[in-house]
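J.: First the structure, which I've put down as structure tokens, then a few questions once you've had a look.
The values are calculated or read from the model by the stated rules, or taken from the named source; none is laboratory data. If you're wondering where the values come from, they're calculated on a predicted model, not measured in any experiment. Cβ placement follows ideal geometry from the backbone for every residue including glycine, while neighbour counts extend to all protein chains displayed.
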Amino acid sequence: MTYRELLGKMDNLQDLAILPNEGESGGCMSSYDRASQYDAASDRYLHWDANEDGSGYIRKTENGNIVAFECDGPGCIFRTWSALPKDGHIQIFIDQITLPVVDVPFKDFFEKQEGDIPPLNLSELSMNLSRGRNCFIPIPFQKYCRIELAPDWGAYYHFTYLRYPVGTQMPAYTERFTRDGMIALAELDRRLYDRESACNDLPFIKVRDVVNSGEEKMIHSSMGPGAIACLRFYPDGLVGKRALSHMLIKLYWDGEVKPSVEAPIDSFFGSAPGMHPFSCLPLSMNRCVFECRFFMPYQYGVRFTLVNYNQDSQPVHFEIAQVPCAHAESLLRFHAKWHNGYYGRLSPADFAPNGQRWPDWPILLVNGPGRFCGVHLHIYNSWNKPKQDAPDWWYGKWDKKNVDWWWGEGDEKFFIDNEKFPSSFGTGSEDYIGYAWAAEPPFARFQSPFSCLNAMPIDGNGHTSVCRFQIADHIPFLKRFEGYIEKYKENVWGDDNRCLYAALPYWYQAANTTDDYPAIRPDDLRLFDGE
């Protein structure tokens, strides 16, 4: 694998449909609270709600550093994140080299090209998202990688990585600093900036129709092998404020009876409730057009329907780009299923308050093989205004709040292929998305190639819409994927307040297999209709 090929994985959506190989795996090593443990003797989870998430590490070294990441190769770290990087050094040791290939203040790792005085100038690969520091410049390694953080390094970290099958030849990390490496990084940064133009040259089929209230209507179908490379929706003419939230998009591959995609139109395109403009690599939305660029192959055909749960008939306007697809029979199928808390065959008591798995809330439960590629989360968190004013901001800060309203103190936990302890264990919902310190205002919205916060009231009281897309740092699985995010607040909390979650995971799954998600009920959609 050349360095250019490695960088190509950062924006290649078609590769997500390739069947995982034995030896592929992914995960996230973070500073989560190590009090959370799995006890094999009792087969129980202990202190699963522990929340000192800036304190964890693998071990300490003799010189007082902490080991934050350690992994055998071949592999690559695709995302580095921190809520508060400071002047303590990050040291990266690769393969058998005894001296670190990187030895700089952790803060400079996000801000500077090593050895340069000016700030790092790759805005789509290293960005500050509402106080969260993100770096998507990859760190490849062949045999082994260890990352140490020296005292005064800061607070909170994530390293999201992918491991490749034995025998994969990785490029050297130092190729980043060569002339060709820097040009390749600049070209990738430019492609990510131009992400909305990726589909401009594709051939589109135009579809205009009207879907009556209560009707499921065929919008488009075709036979034979191919792929949907881009799906556009034009929101002009829709009737009613909740039209997008109460109309479902369904996609059926290869003659299947149960759809592989079933979601409200707004959530499918990365927003809720309704339209909130943003631009990410696989999805974007503005007031004129919504666009999905996930690659969706099929072997025997596709059937595309809409279900209108609105009281009024709705005019619809789509454009569909279908392209030839070689070897579609061997590729995975694209899936996306909206739900507001589906536990499948798990024991609900384990996930209720005082249960051993509380406060885990399921994002995706599915059998493999496949690849998890991200999620759109819609949080409706609404509370009665406190009678007593806080000393500052809207509701006060830290321990001086007049209402404990924050919804997002929830770690992501991804269990791969029936593992008992998650190979991805994060430090908070906002940290997984890419921002930080989100429990205190002001609430800055943001967009980037791989994540966005496109809706949140300025005081936090109401609807929040966030996306996190895992493209190069996707999670492959061969047998099973179980993804959770912690939800500390109950659906009804405090003085008749509300905290409701809805998730739309995006993933790929083997052809001719199905998921267990039930059909969406109109009553579930109406739960999120509050102002």
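J.: For the stretch 240-259, which positions are assigned to a loop (DSSP other than H, G, I, E, B), buried (at least 17 other Cβ atoms within 10 Å of the Cβ) and of a type outside the set (A, V, I, L, M)?
T.: Restricting attention to the stretch 240-259, the residues satisfying the condition of being assigned to a loop (DSSP other than H, G, I, E, B) are 240-246, 254-259.
Imposing the further condition that a residue be buried (at least 17 other Cβ atoms within 10 Å of the Cβ) reduces the set to 242-246, 254, 256, 259.
Passing the criteria: 242, 245, 246, 254, 256, 259.
J.: Would you check if there is a residue in the stretch 130-150 being at pLDDT below 95 and either not assigned by TED's automatic domain parsing to the domain that holds residue 468 or not in a loop (DSSP other than H, G, I, E, B) (or both)?
T.: yes
J.: Counting just the residues of the stretch 327-365 that are of a type in the set (Gly, Ala, Ser) and free of Cβ contacts under 8 Å to residues at least 60 places away in the same chain, which one comes out farthest from residue 518 (Cα to Cα)?
T.: Restricting to residues being of a type in the set (Gly, Ala, Ser) and free of Cβ contacts under 8 Å to residues at least 60 places away in the same chain, the top hit is 355.
J.: Among (1) surrounded by fewer than 17 Cβ atoms within 10 Å (Cβ to Cβ); (2) among the β-branched types (Val, Ile, Thr); (3) in contact (Cβ under 8 Å) with a residue 40 or more places away in the chain, where does residue 101 come up short?
T.: Checking residue 101 against (1) surrounded by fewer than 17 Cβ atoms within 10 Å (Cβ to Cβ); (2) among the β-branched types (Val, Ile, Thr); (3) in contact (Cβ under 8 Å) with a residue 40 or more places away in the chain, the one that fails is (1).
J.: Could you grab the pairs with beta carbons closer than 9 Å, sequence gap of 6+ or different chains, first residue in the stretch 220-233 and under 21 Å from residue 14 (Cβ atoms) and in the same structural domain as residue 293 (by TED's automatic domain parsing), second one among the charged types (D, E, K, R) and surrounded by 21 or more Cβ atoms within 10 Å (Cβ to Cβ)?
T.: Listed pairs, sorted by first residue: 229/293; 230/291; 230/293; 231/291; 231/293; 232/291.
J.: While we're here: Can you list the strands (runs of 3 or more DSSP E) found entirely within the stretch 17-76 that contain at least 1 residues being of a type in the set (Ser, Thr, Tyr) and surrounded by fewer than 18 Cβ atoms within 10 Å (Cβ to Cβ)?
T.: By residue number, 37-39.
J.: I'd like to know if the stretch 244-253 contains one or more residues that are within 11 Å of residue 290 (Cα to Cα) and either aromatic (Phe, Trp, Tyr) or not assigned by TED's automatic domain parsing to the domain that holds residue 303 (or both).
T.: no
J.: Mind counting the residues in the stretch 396-435 that are crowded, with 23+ Cβ neighbours inside 10 Å, in a loop (DSSP other than H, G, I, E, B) and on the phi < 0 side of the Ramachandran plot?
T.: Of the residues in that region, 6 qualify.
J.: Just the residues that are surrounded by 19 or more Cβ atoms within 10 Å (Cβ to Cβ) and assigned to a strand (DSSP E or B), please, taken from the stretch 322-348. Give the derivation first.
T.: Taking the stretch 322-348 and keeping what is surrounded by 19 or more Cβ atoms within 10 Å (Cβ to Cβ), we get 322, 325, 328, 331-339.
Once the filter is applied, which keeps residues that are surrounded by 19 or more Cβ atoms within 10 Å (Cβ to Cβ) and assigned to a strand (DSSP E or B), the stretch 322-348 yields 322, 333, 334, 335, 336, 337, 339.
J.: Right, next: How many of the residues making up the stretch 453-486 are of a type outside the set (Gly, Ala, Ser), modelled with pLDDT of 95 or more and not in a strand (DSSP E or B)?
T.: 6
J.: Additional query: Checking the condition within 26 Å of residue 165 (Cα to Cα), of a type in the set (A, V, I, L, M, F, W, C) and either at pLDDT 95 or above or surrounded by fewer than 17 Cβ atoms within 10 Å (Cβ to Cβ) (or both), which residue from 528, 450, 446 passes?
T.: Going through 528, 450, 446 in turn, the sole match is 450.
J.: Among residues belonging to the stretch 405-417 that are out of contact with any helix residue (DSSP H, G or I) (no Cβ under 9 Å at 6 or more places or on another chain) and at pLDDT below 95, point out the one that is nearest to residue 55 (Cα to Cα).
T.: Within the stretch 405-417, the match that is nearest to residue 55 (Cα to Cα) is 406.
J.: So which residues in the stretch 104-139 are under 15 Å from residue 188 (Cα atoms) and small (Gly, Ala, Ser)?
T.: Once the filter is applied, which keeps residues that are under 15 Å from residue 188 (Cα atoms) and small (Gly, Ala, Ser), the stretch 104-139 yields 123, 126.
J.: Filter the stretch 299-321 for residues that are closer than 22 Å to residue 224 by Cβ and out of contact with any Leu (no Cβ under 9 Å at 6 or more places or on another chain) and give the result.
T.: 300, 301
J.: Restricting attention to the stretch 453-468, does a residue exist that is among the polar types (S, T, N, Q), in the same structural domain as residue 420 (by TED's automatic domain parsing) and in contact with a Leu (Cβ under 9 Å, 6 or more places away or on another chain)?
T.: Among the residues of the stretch 453-468, at least one is among the polar types (S, T, N, Q), in the same structural domain as residue 420 (by TED's automatic domain parsing) and in contact with a Leu (Cβ under 9 Å, 6 or more places away or on another chain), which makes the answer yes.
J.: While we're on this one: Suppose the filter is modelled with pLDDT of 95 or more, assigned by TED's automatic domain parsing to the domain that holds residue 124 and assigned to a strand (DSSP E or B); does residue 162 pass it?
T.: The answer is yes for residue 162.
J.: Given (1) hydrophobic (A, V, I, L, M, F, W, C); (2) assigned to a loop (DSSP other than H, G, I, E, B); (3) farther than 22 Å from residue 163 by Cα, identify the lone condition not met by residue 104.
T.: (2)
J.: Any chance the stretch 386-400 includes a residue that's in the same structural domain as residue 471 (by TED's automatic domain parsing) and within 18 Å of the chain's Cα centre (by Cα)?
T.: no
J.: Out of curiosity, is residue 129 free of Cβ contacts under 8 Å to residues at least 40 places away in the same chain and not aromatic (Phe, Trp, Tyr)? I'd like the intermediate steps shown before the answer.
T.: Values: free of Cβ contacts under 8 Å to residues at least 40 places away in the same chain: no; not aromatic (Phe, Trp, Tyr): yes.
Taking the combined requirement at face value, the residue does not satisfy it.
J.: In addition: Hey, does the stretch 205-217 have a residue that's of a type in the set (Ser, Thr, Tyr), out of contact with any His (no Cβ under 9 Å at 6 or more places or on another chain) and either closer than 30 Å to residue 115 by Cα or in a helix (DSSP H, G or I) (or both)?
T.: No - not one qualifying residue is present in the stretch 205-217.
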